[in-house]
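The values are calculated or read from the model by the stated rules, or taken from the named source; none is laboratory data. On a predicted model such as this, the values are computed, not experimentally measured, just so you know. Cβ sites come from the backbone with ideal geometry, for glycine too, and all protein chains shown count toward neighbours. For the accessible areas, the whole protein counts, side chains as well, though only heavy atoms, and no ligand, DNA or RNA atoms are used. Shrake-Rupley method; radii C 1.70, N 1.55, O 1.52, S 1.80 Å.
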Amino acid sequence: MRILCLPYTHTLSHISRPLAIAAALRARGHEIIFAGDSPKDHFIRSEGFEVLPAYQVEPDILFNRIRQGKLQFVSDDELYKMIAADRDLYRQVQPDLVLSDGRFSAPLSTGIDGIPQAAVVNVSSTEYRALPYIPFFEWLPEKLIKRDSPFWKSLDRFNLALEMLVFDNAATVFKKLSRQFALPRTVTATNCLAGNDLTLLADIPEYFPTRNLPADYHYIGPLTWQSPLPPPAWWPPKNDGKRLIYFTMGTTWMGGSFTTLYERLRQEGLTAIIATGGQARGLETIEGEVYVEEFVDGDLVMAACDLVVCHGGNGTIYQALQHGKPIVGIPTIPDQQFNMRRVKALGVGESLDPKEFAEHPRNLFALAHRVAEAPGYRENAKRLQAQLAPLTPAQKAADLIEARFGVK
Amino acid sequence: MDERIAQLLKLAVAAPSGDNCQPWRLTWADGRLQLFNRPNQDTSLYNHAQRASLLAHGALLENLTIAAPGLGLRAEIRLFPDPVAPEQVAEVIFAEGETVNDPLSYWIERRCTNRKKYVPIPLTEFQRRELVAAPADGAAARVHLVHEPDEVRVLAALLAKNDRLVFENRNLHAFLFDHLRWSDEEARASGDGMDIKTLELAPPDRLAFPLLKHWLLVGFLNRLGLPHLIEHTALKLLGSSAGIAGVSLPDLEPASLVLGGRAMQRFWLQATALGLAVQPVAGLALLVQRLRSGNTDELDEAQRALVTEVGAGLDRAFGSAGRSLVMCFRLGTSVPPSARALRRSVESAR
């Protein structure tokens, strides 16, 4: 098959998942072509894949809207432009299949042109999630309504229906276009990241449960970033018996706080490795105290550290769990808040409000010490590590794609 | 006849023509195909000096040229081979050739007119580049493509006046209604003209439209402002376009028109291949050329003034001054049309 991969290439999480699947499919003889338009495209090229140019919404614009709680996360004109760009690619590549990750125009554009489409997505971005994305009723005291009671489950269902209704009616362009083009599947703001023909859920059921999952949705397990980077020149870190904490803020960190974090670390008696994701400049490595890198091999660092501090990005959480490490998250967008609620519920970490961190940076370290010291978090993380270890998500995705679309 | 020739002719006559009047006659003898014009097929004001028909012949020849290599044939075309028989448009001599598929051949039978309202998805740079380059290298025809929304609106306002003229001019009105087919059976039986469904009328308009074939009623309704209502509806459709294109020629000699028709067909096929919906809106461009050739018959003073004004506007908007604009298209993204115009069989075109 000739497969066109359409990830949102401004974020590594959306690159890494199709990249892993693409590598598995390429090994089986399929032809894979990527499209994107970001400085991070070089990660794809370095794996030997071609990357064609494709219009994408700039990350500053997109993530600012999401952080500001704007339900209309994409303007009509931006979506039209993305659809037009997708369709140009289809003419150039003539794909048998489009595999998307984070490209919310893909179900519409492939639907218009009648091209089969599969997507990699997290359960949180589907209409089949069993847990609310924005919990409206969390404020109700647990003494009043037990969280495992049937009434609470009904409230959850009501919550889910309500939040999807609100979201879909705030960004109506998806439904409008589905109607105008008489698409077989109605694309909505809620399901716009899913596939028309096959949806690969990069999750495990315990972490992100679903309900009423249709036959074309499959859990494949997490696909985490496999860094091609060599170990840093200073590796291994010298922590002299101090706790080693890995701070990784992905590529969507709110600017300005790295310096605060850096200054505090030096006073806390910890050894830290900071991966800035290219979002901070001028911070220097101080041997035995703070090691600063733009990007590092996450697996290498996580295997060595005691605790992971992150935003609560899905990829980082799974990577930490694959190494059996507890997590402290500072979530800044609803996706990350959703993830961190699961981290807490599974007893593998704790969450800190970004405002609290900005006002009282010391609280982060108090929390980090607590999570690193209490054995419960580590034990729960180890339990999930055992669940994740036997999974082969990229191979499973390739199997599902071949089973659904055939081997041409 | 070689089976391949029969197949080729079926693709050739999938060409467009004014109101699908199919003004051609084909003969096959001694390994040569003769293409004749049938001047009485298109009697509309748009077809001054058989210009619209010659464009249609060009489209037919382009289909033939594109499809022939896919069938292992090479087509050599001689235009107007007999200087004293202007109705003989072309002679085509076939020879065995290498079998090579032209990617555009796939689109010959998929090309169609789409009169639906389009979704405002803009044309991409890639689409614009491909469309402008659609006429073959060295072709004298030129594509003028306008895609900026403000400029599209200007052109839409100009071209919408054609629909108004159809209901103000008896000849244009009669030609349209002569070529409308009111049922599937009628469309199939005639194999020409336009199925009423291809007009994509809204349900209430579909009910009222048959009444408008009566010129006396139209004359009465015109006093109540019918043409302006129709112009307004056309403006909404044209305004939904992502782009409007014009095809211009250096002159209006018969051979130039045939070559222009070939370029026009390549443009339309390319647009279809790019996933675009296309509606030709050629009427006013052809009326402008008719007037500029000094033929003012059957247009009253107000209509002449309107056509003159539109002609100047089109030249300004397309930057086509000094050339002869012979065809316009609106382009956009849309669901497929509700129906497609049918063709008479190749046998009946002989």
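On inspection, residue A:127 passes the criterion of being open to solvent by 10 Å² or more (accessible area, probe 1.4 Å) and in a loop (DSSP other than H, G, I, E, B). Of all residues in segment B:309-319, count the ones that are touching a helix residue (DSSP H, G or I) at 6+ places or on another chain (Cβ under 7 Å) and over 16 Å from residue B:166 (Cα atoms). Residues in segment B:309-319 being touching a helix residue (DSSP H, G or I) at 6+ places or on another chain (Cβ under 7 Å) and over 16 Å from residue B:166 (Cα atoms): 4 in total. Being exposed (fewer than 13 other Cβ atoms within 10 Å of the Cβ), within 17 Å of residue B:59 (Cα to Cα) and free of Cβ contacts under 8 Å to residues at least 24 places away in the same chain: is that true of residue B:78 here? Taking the combined requirement at face value, the residue satisfies it. All of (1) of a type outside the set (Asp, Glu); (2) under 20 Å from residue B:260 (Cβ atoms); (3) within 14 Å of chain A (Cβ to nearest Cβ) hold for residue B:103 with one exception: (2). When we screen A:239, A:196, A:212, A:191 for residues that are at positive phi and either open to solvent by 60 Å² or more (accessible area, probe 1.4 Å) or of a type in the set (S, T, N, Q) (or both), the only hit is A:212.
For (1) surrounded by fewer than 18 Cβ atoms within 10 Å (Cβ to Cβ); (2) at pLDDT 95 or above, each residue gets a yes or a no:
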residue	(1), (2)
B:202	yes, no
B:206	yes, no
B:209	yes, no
B:213	yes, no
B:218	no, no
B:224	yes, no
B:230	no, no
B:233	yes, no
B:242	no, yes
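Looking at A:115, A:134, just one residue is open to solvent by 10 Å² or more (accessible area, probe 1.4 Å), on the phi < 0 side of the Ramachandran plot and touching a strand residue (DSSP E or B) at 6+ places or on another chain (Cβ under 7 Å), and that residue is A:115. Pairs, please: C-beta under 7 Å, at least 6 apart or cross-chain, first residue closer than 11 Å to residue B:200 by Cβ and open to solvent by 60 Å² or more (accessible area, probe 1.4 Å) and in segment B:334-350, second at pLDDT 90 or above and among the acidic types (Asp, Glu)? These pairs meet every condition: B:338/B:200.
Would you pick out the residues in segment A:168-187 that are hydrophobic (A, V, I, L, M, F, W, C) and surrounded by 14 or more Cβ atoms within 10 Å (Cβ to Cβ)? Listed by number, the residues that qualify are A:171, A:173, A:174, A:177, A:181, A:183, A:187. The numbered conditions (1) assigned to a loop (DSSP other than H, G, I, E, B); (2) farther than 24 Å from residue B:198 by Cα are all true for residue B:256 except (1).
Looking across segment A:77-91, the residues that are charged (D, E, K, R) and either facing chain B (nearest Cβ under 7 Å) or surrounded by 22 or more Cβ atoms within 10 Å (Cβ to Cβ) (or both) come down to A:81, A:86, A:87, A:88, A:91. Any chance segment B:261-277 includes a residue that's under 16 Å from the mean Cα position of the chain (by Cα), more than 14 Å from chain A (Cβ to nearest Cβ) and within 29 Å of residue B:168 (Cα to Cα)? Yes.
Criterion applied to A:166, A:187 was being among the β-branched types (Val, Ile, Thr), more than 26 Å from residue A:394 (Cβ to Cβ) and within 14 Å of chain B (Cβ to nearest Cβ), and the one residue passing it is A:187. What's the number of the only condition in (1) more than 30 Å from residue A:71 (Cα to Cα); (2) aliphatic (A, V, I, L, M); (3) open to solvent by 30 Å² or more (accessible area, probe 1.4 Å) that residue A:358 fails to meet? For residue A:358, the exception is condition (1).
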